[in-house]
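Visitor: Structure provided below as structure tokens; questions to follow.
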Amino acid sequence: MSTSAPLPPPVSPSTGTPAPSPRGPFVLLNDEPVAESGADLLGVGRAARQLAGLLVASRASTPFTLAVDAGWGMGKSSLMRLVDAELAHAPEVHTVWYNAWTSQGADALEGLIKSVLMRFDRRVLRRALQRISERRALLRAVRAVTTVAAGPLGAAGLVDELWKTLSVNSQARNEMRGAIGELVQEWSQTDDFRPRRLLVVFIDDLDRCPEETVLAVCEAVKVYLDVPGLEFVIGCDRSALAPNGLLRDLSPAASAFMEKIFQTSYRIPVPDQQGVRAYIDWCARTVGIDQLLDERLTTMLAERSARNPRRIKRLVNGFVLEATLNPMWDDFAPEAVVRTLLLQYFYPDFYRMVAGAAGSGAGDVIAEFRTYREVRRLLRTPDPIPVAELPTVTRFLREHDLPEQDADGRDATLSRLERQLPSTFPEMVRDQEFTSLIDGLVALPRSEELLRRLREGAELPAAVEPEPAAAYVQSLSAQAQPPAGAYGGMPSGAYGGMPAGAYGAMPAGAYGGMQPGAYGAVPAGRTAAPGADVAPLRYVRILWVDDHPRNNESLVNAFRAAGAVVRIAEDSAAADAALAVERPTLIVSDIERDGNPREGLEHLARLRRDGRYDGPFVFYAGRVTPERSAVAEELGAHLTSSGSEIERLVLRAAEAERPLP
């Protein structure tokens, strides 16, 4: 764990006075797996002890393979490390670790086998090499014997010679399993033969690997190392290795082979509520934010993170980085950073509206939501609306173009109102953690200034993984100019990246974009296949209509970098002029424009009615309401507030436009 030095009291750049509350010292949490029982905060130690006991008791049943099964960030590596620590106390049990992610393709087979062989002592390796040499033809035998007799080789040299001898051709490979079996049998025998030695091989991160590496590791385990005396514990997400996951392109024979790899699995359970809350408390105390998380925020962090320890750590680290490095927060209490980050991370659609993404023009969305909550409560009560509350209801209905009284009653009024509001409002108003988060944010000192800065596009938090945005400009550059270095780097983004689209988003176009590799692109660190299309959008022509084009610069630049032609029109007249010259592949448009809150919808209606454009059309707007969605569907258009959805639709248009080979 790395720590930060104590920070002096920050001074507000705008006022020259100390910031509203003390900061730090903060620290960052590392992402290393737990390796000793004393650091086990989620009760995994008990499972580790039981698994270790089963492995030791089952040494007579070897060989076999156990899968430690869990999703990303749920503690596979920590459990395996704890099992390894428990095995250290068992007599005549030895362990070896192999990280499949560090190997590439077929090299993984050699790497795993060599890692196992390196665990045996030199006398056993030397005798194994001697036995193999004696069985070979004269030329190969002379070479091997000469090598052995040339001098004392270390274990690494002996392992290299063994590998060269056992892998020289297909016939030698056919003998490899028997040779390794003899070697392990000799090593496992002890003077009194009780207990026999056991080697437990831990293989981690298999589900992060490409198909070729997965198959190579499994081939090594099942074909060459499937011998008495060896047990394999493999950490992976079994669903990722299923036929509909990473290995979806396997042949029937290969799929059947994969089913034989694991004799049994242990699925790591999701931590219970008490355990995960204790874990959050520990994280908060360690980094120095324990005074900023109340009961509601802790509950939200536990449940909205799916009780995933890694997600919790990364969000906590995100707060530390934001509070320490982002000058935007110098004027605000640290709790403002926590609440803003939680809003951004767990309620990305609402956060995009708060931050004015995609030209929403919605003003103060938080104030709108809180007023809606109050109006909803008043409309749902059977009692008469108090006189003091009536102006609030009347004003809110008028702001949304609704009459003060509805002949069909209050339920009908509320239904019509909710058609004009963002689609997420009715669900969020019932989410107590969300409403508590919003109320706490508004109650903070200088909250109006904070929300104003967010709406006006101040430097937004960038510490959590962003929503996919500008994917092509990064992923395609990875194809055209792959970075130098080893294969299989971590996804881009803070702290090594999360799975794309997992639990958190930023406004489209903000701070980078999607992890390389999205939508079939070659991930950073890999080399594109020969003949790879480095400009897959070169047949695409996009007409983008928006009176605030700067809102879309990241996406527009990404599409242009991928080969698309993107023309900008700032009003309906300019769009009509562009259509008169060339028919685009796709039109992307805002909705509120030219002082008309429905201009985009009305413009498309005119285009459809006059037969001037019948192709794909996407509305990119901050507010997605039921009423807008219904009108867009009637006009044959898509409506979205998500940059990643825009990308998917452009990709679909590109596939339809690409000429046949």
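Visitor: Can you tell me which residue among Arg376, Arg395 is free of Cβ contacts under 8 Å to residues at least 24 places away in the same chain and either part of a helix (DSSP H, G or I) or basic (Lys, Arg) (or both)?
Guide: Arg395
Visitor: Of the conditions (1) among the hydroxyl-bearing types (Ser, Thr, Tyr); (2) at pLDDT 85 or above; (3) more than 19 Å from Ser78 (Cα to Cα), Thr324 satisfies every one except a single condition; which number is it?
Guide: (2)
Visitor: Still on this structure, please answer the following. Every residue in the range 292-316 that is small (Gly, Ala, Ser) and surrounded by 20 or more Cβ atoms within 10 Å (Cβ to Cβ), please.
Guide: Ala302, Ser305 - these are the residues of the range 292-316 that are small (Gly, Ala, Ser) and surrounded by 20 or more Cβ atoms within 10 Å (Cβ to Cβ).
Visitor: Out of the range 541-591, which residues are under 21 Å from Arg623 (Cβ atoms), open to solvent by 10 Å² or more (accessible area, probe 1.4 Å), outside any helix (DSSP H, G or I) and in contact with a helix residue (DSSP H, G or I) (Cβ under 7 Å, 6 or more places away or on another chain)?
Guide: Residues satisfying the conditions are His548, Glu570.
Visitor: Return the pairs, sorted by first residue and then second, in which the second residue is part of a helix (DSSP H, G or I) and open to solvent by 10 Å² or more (accessible area, probe 1.4 Å), the first residue lies in the range 312-341 and is farther than 21 Å from Arg446 by Cβ, the beta carbons are less than 7 Å apart, and the residues are 6+ apart or on different chains.
Guide: Every condition considered, the pairs that remain are Ile312/Tyr279; Arg314/Tyr495; Asn317/Tyr495; Gly318/Ala494.
Visitor: Please count how many residues of the range 630-644 are crowded, with 17+ Cβ neighbours inside 10 Å and part of a helix (DSSP H, G or I).
Guide: 4
Visitor: Quick check on the range 417-452: of everything there that is acidic (Asp, Glu) and buried (at least 17 other Cβ atoms within 10 Å of the Cβ), which residue is modelled with the lowest pLDDT?
Guide: This residue is Glu433.
Visitor: Now for a separate question. Please determine, by comparing only the residues of the range 46-71 that are within 13 Å of Ile268 (Cα to Cα) and touching a helix residue (DSSP H, G or I) at 6+ places or on another chain (Cβ under 7 Å), which one is surrounded by the most Cβ atoms within 10 Å (Cβ to Cβ).
Guide: Restricting to residues being within 13 Å of Ile268 (Cα to Cα) and touching a helix residue (DSSP H, G or I) at 6+ places or on another chain (Cβ under 7 Å), the top hit is Val68.
Visitor: I would also like to ask the following. Which one of the conditions (1) in contact with a strand residue (DSSP E or B) (Cβ under 8 Å, 6 or more places away or on another chain); (2) over 20 Å from Asp571 (Cβ atoms); (3) surrounded by 23 or more Cβ atoms within 10 Å (Cβ to Cβ) does Glu647 fail to meet, given that it meets all the rest?
Guide: (1)
Visitor: Can you name every residue in the range 411-438 that is closer than 19 Å to Asp349 by Cβ and acidic (Asp, Glu)?
Guide: Glu418, Glu427, Asp431, Glu433
Visitor: Then there is this: Would you mention how many residues in the range 592-601 are in contact (Cβ under 8 Å) with a residue 40 or more places away in the chain, closer than 14 Å to Asp571 by Cβ and either assigned to a loop (DSSP other than H, G, I, E, B) or of a type in the set (Ser, Thr, Tyr) (or both)?
Guide: 2
Visitor: Next up: Please determine, by comparing only the residues of the range 602-629 that are surrounded by fewer than 20 Cβ atoms within 10 Å (Cβ to Cβ) and in contact (Cβ under 8 Å) with a residue 60 or more places away in the chain, which one is farthest from Gln420 (Cα to Cα).
Guide: Ser629
Visitor: With open to solvent by less than 60 Å² (accessible area, probe 1.4 Å), outside any helix (DSSP H, G or I), modelled with pLDDT of 85 or more and of a type in the set (Phe, Trp, Tyr) as the only criterion, which of Phe232, Phe262 stands out?
Guide: Phe232
Visitor: Just to check your reading of the model, which residue among Ile289, Ile280, Ile366 is of a type outside the set (Phe, Trp, Tyr), within 30 Å of Arg593 (Cα to Cα) and open to solvent by less than 10 Å² (accessible area, probe 1.4 Å)?
Guide: Sole residue among the options that is of a type outside the set (Phe, Trp, Tyr), within 30 Å of Arg593 (Cα to Cα) and open to solvent by less than 10 Å² (accessible area, probe 1.4 Å): Ile366.
Visitor: May I ask you to say which residue of Val338, Val354, Val320 is within 24 Å of Pro33 (Cβ to Cβ) and more than 16 Å from the chain's Cα centre (by Cα)?
Guide: Of Val338, Val354, Val320, the one residue that is within 24 Å of Pro33 (Cβ to Cβ) and more than 16 Å from the chain's Cα centre (by Cα) is Val320.
The values are calculated or read from the model by the stated rules, or taken from the named source; none is laboratory data. Here the structure is a predicted model, which means the values were calculated and not measured. As a convention, Cβ positions derive from the backbone with ideal geometry for all residues, glycine included, and neighbour counts pool all protein chains shown. Protein only, heavy atoms only, side chains kept; ligands, DNA and RNA dropped before computing areas. Shrake-Rupley method; radii C 1.70, N 1.55, O 1.52, S 1.80 Å.
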